[in-house]
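The values are calculated or read from the model by the stated rules, or taken from the named source; none is laboratory data. Everything quoted here is computed from the prediction, not taken from an experiment. Cβ sites come from the backbone with ideal geometry, for glycine too, and all protein chains shown count toward neighbours. Heavy atoms of the whole protein, side chains included, go into the accessibility calculation; ligands, DNA and RNA do not. Shrake-Rupley method; radii C 1.70, N 1.55, O 1.52, S 1.80 Å.
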There are 2 protein chains.
Amino acid sequence: MKCRKCKAQAEIPLPSHNTAFCRECFSAFFTGQVEKAIRRHHMIEPGERVLVALSGGKDSLSLMLELARLGHDVTGLHVDLGIPASSPAARAKVQGFCQRHGLDLRVVELEKEGLPIPDVKRYVNRPVCSACGKIKRHWFNRVALTEGFQVLATGHNLDDEVARLFANTLRWDASYLSDQGPCLPAENGFARKIKPLYRLTEYETACYAFLNGIDIHAAPCPYSGKASFTGHKRLWADLEHTSPGAKIAFYDGFLKNGRPAFARLEQEAGLPLAPCARCGSPTSAEICGVCRLALTVAERRAADPSLQSGGHAGGQERTEGDPAFRVEA
Amino acid sequence: MKCRKCKAQAEIPLPSHNTAFCRECFSAFFTGQVEKAIRRHHMIEPGERVLVALSGGKDSLSLMLELARLGHDVTGLHVDLGIPASSPAARAKVQGFCQRHGLDLRVVELEKEGLPIPDVKRYVNRPVCSACGKIKRHWFNRVALTEGFQVLATGHNLDDEVARLFANTLRWDASYLSDQGPCLPAENGFARKIKPLYRLTEYETACYAFLNGIDIHAAPCPYSGKASFTGHKRLWADLEHTSPGAKIAFYDGFLKNGRPAFARLEQEAGLPLAPCARCGSPTSAEICGVCRLALTVAERRAADPSLQSGGHAGGQERTEGDPAFRVEA
């Protein structure tokens with residue numbers, strides 16, 4: 001099979017686009033999809049500072065590299081979850097990546113913030129993945145807010161977005177369907193939220209990461225017994241196989257015809273937001289949800305008879321050599 | 001496993017409802033679902049005459065039997081498609097069923113109306129399943145209109161409805177999503193259209209037909225190489241298997257949250273209707289779509305050099321013993 005663009009030997013088949021590319025032309029295709037996403041949804045205006053959430057996986061690191069290559073003013077943000085079995089490795093990948101490419105990085109350590117995920121899992125009575133997501137989003141928003149970033153970019157790809165949209169469509173969740181998309185406007189002091197990889201599949205970002213020699217953190221989280229949406233992703237793999245282009249057609253069709261219908265219906269019944277009394281993040285309560293989580297963890301940890309001398313539960317499985325990284329400028 | 005209701009030995013497991021029933025209690029469950037559908041959507045008012053479209057399959061015959069048992073004033077309507085390999089058998093099943101249960105039946109013969117499906121397939125340049133569906137709906141409407149039926153009932157089950165809704169959701173077809181449902185109000189002289197089996201799966205109607213000894217026409221249409229929505233039905237079988245109740249939740253959720261959003265958005269831009277100059281059915285053109293099909297078939301058949309003495313193409317494969325049934329009162 002030949003590269004559609006330059007007729008050299010193709011290396012990356014893209015059935016959704018009914019084509020195949022050589023390495024160089026695949027890179028150009030990838031860049032084109034990112035530029036199209038940014039342009040079509042007015043994701044980044046000239047001069048804006050972009051904070052990129054970096055987990056260490058293929059999507060976030062590919063996004064960071066591509067945005068930097070496109071000349072955007074990017075800074076990475078890694079949230080160290082404090083999970084002994086995986087966090088040090090993920091953090092090391094992110095740090096190595098940023099050093100190699102000369103990119104700025106901030107690191108937030110949940111351990112220091114009183115919310116290491118092992119303690120959340122132990123002391124908070126709700127699914128740990130949901131609490132962890134809430135905590136990460138809180139810190140992305142908070143760093144963007146306090147350090148003056150206008151834009152917060154995440155590495156969600158087309159498969160992520162389609163699986164999530166699909167789950168919410170199965171429920172006909174009007175609240176979700178009325179305001180989701182690849183670019184959510186800034187509001188209440190929060191930065192604009194963008195997903196520049198939304199037109200690219202998981203396979204395509206994996207190819208990009210591989211072709212660019214990005215050393216990724218590929219191990220699944222030890223706490224995600226069964227990753228959410230996995231069943232729906234398989235279902236969509238089948239649909240895409242039967243009808244190439246089905247994923248992007250579903251997602252683009254939603255943005256064009258679905259979202260406007262729900263946006264019109266949905267009443268803006270949001271409560272007024274004010275700064276959290278503890279951390280300053282916008283909240284509709286006196287103290288924001290993440291600070292409430294932190295208080296719960298602190299209280300229950302203090303009352304935990306299995307802990308001696310006020311240590312933290314997560315420490316029981318902590319790697320002794322875990323270095324005490326600092327927030328890096 | 002025991003019957004949930006009477007604790008006798010269960011014969012019919014219903015995972016979607018997290019239960020199982022014996023024969024008698026399954027019948028009661030089936031009746032309950034039909035009554036719930038009729039009541040919730042105001043499908044049939046007291047004294048209304050109901051025309052039931054009968055293909056001869058499990059769904060339509062089960063529907064007819066159940067509506068009759070519930071005391072509704074029902075008349076069957078069978079459209080004989082004129083396909084030699086299948087229509088005589090389907091018609092015989094419908095006639096046998098109506099005779100056995102003492103139910104009124106009308107039969108429309110497309111052969112006599114100049115539109116046998118083999119000729120439509122041969123002379124009309126569009127997918128035969130789509131043309132056939134249009135022709136059947138035309139006759140259902142026309143008989144209801146000319147014979148004073150207020151209600152037209154079809155045997156669509158939950159699997160049919162979910163597969164169709166799903167296909168239109170994947171496309172975010174706002175026009176479809178704005179006005180589909182199990183009960184479409186009468187308008188422009190057309191009868192109200194109802195689907196009283198919409199809460200019951202294909203499996204459940206098959207069980208009902210089997211338990212009631214209904215002799216059904218089970219052979220697939222020789223022209224439907226690959227039935228539409230088959231892929232989606234398999235996908236939904238998987239979803240239902242993973243999450244029992246997913247189908248009815250998706251469909252009910254659409255009726256509650258999805259349809260209202262699209263109904264508000266969609267502008268009523270329909271053209272004014274007037275009677276077709278040829279058959280009297282409401283149409284936005286001078287001559288309705290089905291009459292235009294009939295004229296096309298007649299014209300091309302007359303010009304077909306392969307036909308001698310003005311016969312019809314379908315006749316080449318016609319069973320000689322095909323009896324000339326009449327419309328029965």
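How far, in whole Å, is the nearest Cβ of chain A from the axis relating it by rotation to chain B, and which residue carries it?
So the chain A residue sitting closest to the axis is A:Ala261, 2.
So for segment A:128-176, taking the charge dipole from beta-carbon charges (+1 Lys/Arg, -1 Asp/Glu), which of A:Trp139, A:Phe166, A:Phe149 sits furthest toward the positive end?
A:Trp139
Where the eigenvalues come from the Cα gyration tensor of chain B, what are the semi-axes √(5λ) of the equivalent ellipsoid, largest first, in whole Å? It would help to have the intermediate numbers written out before the result.
On the way: eigenvalues 232, 120, 80 Å².
Working from the Cα gyration tensor, I get semi-axes of 34, 24, 20 Å.
Under a 10 Å cutoff between Cα atoms, tell me which one of A:Leu197, A:Leu67, A:Leu239 has the largest fluctuation in the Gaussian network model of chain A.
Taking springs between Cα atoms under 10 Å, the residue moving most is A:Leu239.
What are the distances, in nm and sorted shortest first, from the label point of A:Asp215 to the label points of the same position in each other copy, with each label point placed 7 Å from Cα along the Cα-to-Cβ direction?
Nearest to farthest, the other copies are at 7.7 nm.
Note the direction-averaged projected area, equal to a quarter of the hull surface, for the Cα convex hull of segment B:1-136, in nm². Could the numbers behind the result be given before it?
Numbers: hull surface 44.2 nm².
The Cα convex hull of segment B:1-136, projected and averaged over all directions, gives 11.1 nm².
What is the local net charge at B:Thr19, summed over the other residues whose Cβ is closer than 13 Å to its Cβ (Lys, Arg +1; Asp, Glu -1)?
Values: positive: B:Lys2, B:Arg4, B:Lys5, B:Lys7; negative: B:Glu11, B:Glu204.
Summing Lys and Arg as +1 and Asp and Glu as -1 gives +2.
From the square roots a ≥ b ≥ c of the eigenvalues of the alpha-carbon gyration tensor of segment A:121-206, which class results: rounded (a/c under 1.5), prolate (a/b over b/c), or oblate? Before the final figure, lay out each step's value.
On the way: a/c = 1.42, a/b = 1.08, b/c = 1.31.
It is rounded, given that a/c, with a ≥ b ≥ c, falls under 1.5.
Angle between the Cα long axis of helix A:23-40 and the longest principal axis of chain A, 0 to 90 degrees, nearest 10?
That helix lies at roughly 70 degrees to the long axis.
Plugging the Kirkwood radius over Cα pairs into Stokes-Einstein for the protein assembly as shown, at a temperature of 37 °C and a viscosity of 0.692 mPa s, what D comes out in µm²/s?
It diffuses with D of about 112 µm²/s by this estimate.
Evaluate peptide B:230-238: per residue, the Cβ atoms of other protein chains within 10 Å of its Cβ; return the mean as an integer. Could you put the intermediate results ahead of the total?
On the way: counts 0, 4, 2, 0, 1, 5, 1, 0, 4.
Average per residue, whole number: 2.
Please give me the summed charge of the neighbours of B:Trp236: other residues whose Cβ is under 13 Å from its Cβ, Lys and Arg +1, Asp and Glu -1. Intermediate results must be reported in sequence, preceding the final value.
Working: positive: B:Arg164, B:Lys233, B:Arg234, B:Lys247; negative: A:Asp238, B:Asp159, B:Asp160, B:Glu161, B:Glu202, B:Asp238, B:Glu240.
The answer is -3.
Which net charge results when you count Lys and Arg as +1 and Asp and Glu as -1 among the other residues whose beta-carbon is under 15 Å from that of A:Ala8?
Working: positive: A:Lys2, A:Arg4, A:Lys5, A:Lys7, A:Arg23; negative: A:Glu11, A:Glu24.
Neighbour charge sum, excluding A:Ala8 itself: +3.
Principal axis extents for segment A:5-84, Cα atoms only, whole Å, descending order, please.
If we take the Cα atoms of segment A:5-84, the spans are 46, 38, 19 Å.
How far is helix A:202-211 tilted off the main Cα axis of chain A, in degrees rounded to 10, range 0 to 90?
90
Show that you can apply the helix-only estimate: for chain B, add -39,500 (n - 2.57) for every DSSP H stretch of four or more residues, divide by all residues, and state [θ] at 222 nm to the nearest 500. It would help to have the intermediate numbers written out before the result.
Working: 12 runs with 142 residues, N = 329.
That calculation yields -13500 deg cm²/dmol at 222 nm.
What pairs from B:Lys58/B:Lys247; A:Lys36/B:Lys256; B:Lys134/B:Lys193; B:Lys193/B:Lys256; B:Lys7/B:Lys233 go past 26 Å between their alpha carbons? Kindly include the intermediate steps, with their values, before the conclusion.
Values: B:Lys58/B:Lys247 20 Å; A:Lys36/B:Lys256 36 Å; B:Lys134/B:Lys193 15 Å; B:Lys193/B:Lys256 19 Å; B:Lys7/B:Lys233 33 Å.
Where the Cα-Cα span goes over 26 Å, the pairs concerned are A:Lys36/B:Lys256; B:Lys7/B:Lys233.
For chain A, set up a GNM with springs between Cα atoms under 10 Å and report which of A:Gly57, A:Gly71, A:Gly114 has the largest fluctuation.
A:Gly71
Given the protein chains as shown and a 1.4 Å probe, how many square angstrom of A:Glu45 are accessible, to the nearest 10?
Surface accessible to solvent at A:Glu45 totals approximately 80 Å².
Specify the angular offset, from 0 to 90 degrees and rounded to the nearest 10, of the alpha carbon long axis of helix A:87-101 from the longest principal axis of the alpha carbons in chain A.
Approximately 50 degrees, to the nearest 10.
At a probe size of 1.4 Å, how large is the accessible area of A:Met1, to the nearest 10 Å²?
150
Taking the label point 7 Å from Cα in the Cβ direction, how far apart in nm is B:Gly189 from each other copy of itself, listed shortest first?
6.6
Rank-order A:184-191, B:18-25, B:150-157 by packing density, defined as the average count of other C-beta atoms within 10 Å over each peptide's residues, highest first.
Values: A:184-191: 15.2, B:18-25: 17.5, B:150-157: 22.8.
Going by the mean number of other Cβ atoms within 10 Å, highest first, we get B:150-157, B:18-25, A:184-191.
Placing a label point 7 Å from Cα toward Cβ, how far apart in nm is A:Ala89 from its equivalents in the other copies, listed shortest first to one decimal?
With the label placed 7 Å along Cα→Cβ, A:Ala89 yields 6.0 nm.
Report, in debye and to the nearest 20, how large the dipole of segment B:26-153 comes out about its Cα centre when Lys and Arg carry +1 and Asp and Glu carry -1 on their Cβ. Mind dumping the intermediate values first?
On the way: 18 positive and 13 negative charges, 81 e Å.
The dipole magnitude comes to about 400 debye.
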